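Take a look at the structure below.
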Amino acid sequence: MSVIYILALRQLKRYFRARSRMIGSLGQPLLFLLAMGFGFGPTYKKAGGGDYIQFLAPGIMLMGILFTAVFSGIEIIWDRQFGFLKETLVAPVSRFQIVLGRTIGGASVAFIQGMIVLVVCFIAGFRVQSWALFPAALLFMFLTAVLFAALGTAIGSILEDMQAFPLIMNFLVMPLFFFSGSLFPVKDLPAALAVVVRLNPLTYAVDGLRGALGNPAAFGISLDLLVLGAVAGVLLALSARFFSKIQV
């Protein structure tokens with residue numbers, strides 16, 4: 001447990017030291033919130049959808065979590081190149097503990113990032129409709145962070161070239177966000193698009209967070225929580241398997 005704690009704490013220290021990265025990672029969520037929230041807001045309201053900021057904000061919060069959590073995996077490549085990973089791997093602990101520590105650390109950083117975006121959403125006009133379910137909203141945010149931190153760790157364990165990681169992440173992360181229902185309702189979609197949306201784990205995170213914050217949930221909070229937990233467990237196991245095969 002001490003190894004898990006040390007690795008998680010190390011991730012957090014890196015985050016708070018890199019203030020430029022903290023500020024830079026807020027840029028894209030803020031751009032989407034302001035440009036789309038206020039740009040499409042009047043059209044969305046005229047179409048009978050209500051306040052678009054209320055609909056959009058949960059997806060923007062998870063967008064901040066998604067990008068931060070996935071890109072935490074690139075630190076594995078960095079540590080491999082500069083020798084820190086070798087020092088970690090020779091420690092008399094299981095590699096699963098190392099993966100768990102790194103994942104919890106990356107997820108904690110992403111969760112903090114999501115909370116910062118939540119504050120920005122409040123400033124933009126978003127309001128929580130049900131404070132009684134707010135703890136469930138925090139659970140959805142942290143589970144999402146764990147899921148995508150594990151995904152980043154799995155991919156970072158496979159890749160050796162640091163330059164290839166952003167390319168693969170952009171190819172994977174952007175479709176995950178755009179086909180998650182963050183920007184549009186998931187009901188009454190074309191059949192092919194509906195299948196893609198339902199196969200996307202981020203869809204259930206967005207839907208669950210939206211429901212936990214007091215807005216209508218398309219699939220139900222219980223199903224969303226079940227899917228998120230199952231996928232997070234599978235990805236954590238896969239990341240541990242890939243990490244165990246690293247040669248330094």
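The values are calculated or read from the model by the stated rules, or taken from the named source; none is laboratory data. Only a predicted model underlies this, so the values are computations on that prediction, with no experimental measurement involved. Cβ placement follows ideal geometry from the backbone for every residue including glycine, while neighbour counts extend to all protein chains displayed.
Before we move on, is Phe171 farther than 15 Å from Ile77 by Cβ and at pLDDT 85 or above?
Working: farther than 15 Å from Ile77 by Cβ: yes; at pLDDT 85 or above: no.
It is false that Phe171 is farther than 15 Å from Ile77 by Cβ and at pLDDT 85 or above.
Name the pairs: first residue in the stretch 41-64 and without any contact (Cβ under 8 Å) to a residue 24 or more places away in the chain and under 15 Å from Pro185 (Cβ atoms), second residue part of a loop (DSSP other than H, G, I, E, B) and of a type in the set (A, V, I, L, M, F, W, C), Cβ to Cβ under 6 Å, at least 6 apart or on different chains?
Once the first residue is without any contact (Cβ under 8 Å) to a residue 24 or more places away in the chain and under 15 Å from Pro185 (Cβ atoms) and sits in the stretch 41-64, its partners that are part of a loop (DSSP other than H, G, I, E, B) and of a type in the set (A, V, I, L, M, F, W, C) give Tyr52/Phe40.
Given the options Arg198, Arg210, name the one that is of a type in the set (Lys, Arg), in contact (Cβ under 8 Å) with a residue 24 or more places away in the chain and part of a helix (DSSP H, G or I). Give the derivation first.
On the way: Arg198 fails: in contact (Cβ under 8 Å) with a residue 24 or more places away in the chain.
Going through Arg198, Arg210 in turn, just one is of a type in the set (Lys, Arg), in contact (Cβ under 8 Å) with a residue 24 or more places away in the chain and part of a helix (DSSP H, G or I): Arg210.
Within the group Leu66, Leu12, which residue is surrounded by 15 or more Cβ atoms within 10 Å (Cβ to Cβ), under 25 Å from Leu236 (Cβ atoms) and modelled with pLDDT under 70? I'd like the intermediate steps shown before the answer.
On the way: Leu66 fails: modelled with pLDDT under 70.
Just one listed residue meets the conditions, Leu12.
How many residues are surrounded by fewer than 24 Cβ atoms within 10 Å (Cβ to Cβ) and among the small types (Gly, Ala, Ser) if we restrict to the stretch 101-124?
Matching residues across the stretch 101-124 total 3.
Return the residues of the stretch 197-222 that are over 16 Å from the mean Cα position of the chain (by Cα) and surrounded by 15 or more Cβ atoms within 10 Å (Cβ to Cβ); say none if nothing qualifies.
Val197, Arg198, Gly211, Ala212, Leu213, Gly214, Asn215, Ala217, Ala218, Phe219, Ile221
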